[in-house]
Amino acid sequence: MKKIIITILFVLGSVSLQAQELYWETNVTKAIEVSKKTNKPMLLFFTGSDWCGWCIRLQKEVLKTPEFATWAKQNVVLVELDYPRAKAQTNEIKQQNAQLQQIFGIQGYPTVHFATVTETKGKVNFQSLGNTGYLAGGPTAWLGVANGFLKKK
């Protein structure tokens, strides 16, 4: 009987974890389309996923928590813009990320920008709502800052 209960709890726990998985778009054009359809701003996460200690810490302490997952699904379109040292990327993604790094003036990692997009005569314009990076205090502190940016919208 104990084995059955443990198995059921394990299966339910696995389903619960999978339900909290978030989708991070890496193609900004697709993210813009989703942002327009859902009327949600984009959360652009500039990261060095395989070498940046603060990026890894932000992921662990905030971006991979259930609190963040719940919040993100309701409030933003997630976009990961990665600048890895060892992971392979397509030339298109490298080019896109380099261009966005310049547009947003990224000088350090992690940097998270909240932005909306407008198009005028076929030209994409990003309207920044604010930016942040790693903050101590876990998801509560980080989401407090994020909510402040989104209220300006």
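Among residues of segment 108-127 being at pLDDT below 95 and in a loop (DSSP other than H, G, I, E, B), the one that is nearest to Val28 (Cα to Cα) is Gly122. Each residue in segment 118-153 was checked for being closer than 17 Å to Val76 by Cβ and not polar (S, T, N, Q), and 17 pass. Selection within segment 134-153: residues that are more than 14 Å from the chain's Cα centre (by Cα) and part of a loop (DSSP other than H, G, I, E, B). The member of this set that is surrounded by the most Cβ atoms within 10 Å (Cβ to Cβ) is Leu135. Residues satisfying the criterion are absent from segment 53-75 (criterion: within 19 Å of Leu129 (Cα to Cα), in contact with a strand residue (DSSP E or B) (Cβ under 6 Å, 6 or more places away or on another chain) and open to solvent by 30 Å² or more (accessible area, probe 1.4 Å)).
Kindly check whether there is at least one residue in segment 123-133 that is closer than 21 Å to Cys52 by Cβ and touching a residue at least 24 places away in the same chain (Cβ under 8 Å). The answer is yes; a qualifying residue exists. Residue pairs whose Cβ atoms lie under 9 Å apart, separated by 6 or more positions or on different chains, with the first residue in segment 83-100 and exposed (fewer than 10 other Cβ atoms within 10 Å of the Cβ) and the second hydrophobic (A, V, I, L, M, F, W, C), are Arg85/Trp51; Ala86/Trp51.
The values are calculated or read from the model by the stated rules, or taken from the named source; none is laboratory data. Everything numeric in this text was worked out from a predicted model, so none of it was measured. Note that we place each Cβ from the backbone using ideal geometry, even for glycine, and neighbour counts take in every protein chain shown. Keep in mind that these areas ignore ligands, DNA and RNA; they rest on the heavy atoms of the full protein, side chains included. Shrake-Rupley method; radii C 1.70, N 1.55, O 1.52, S 1.80 Å.
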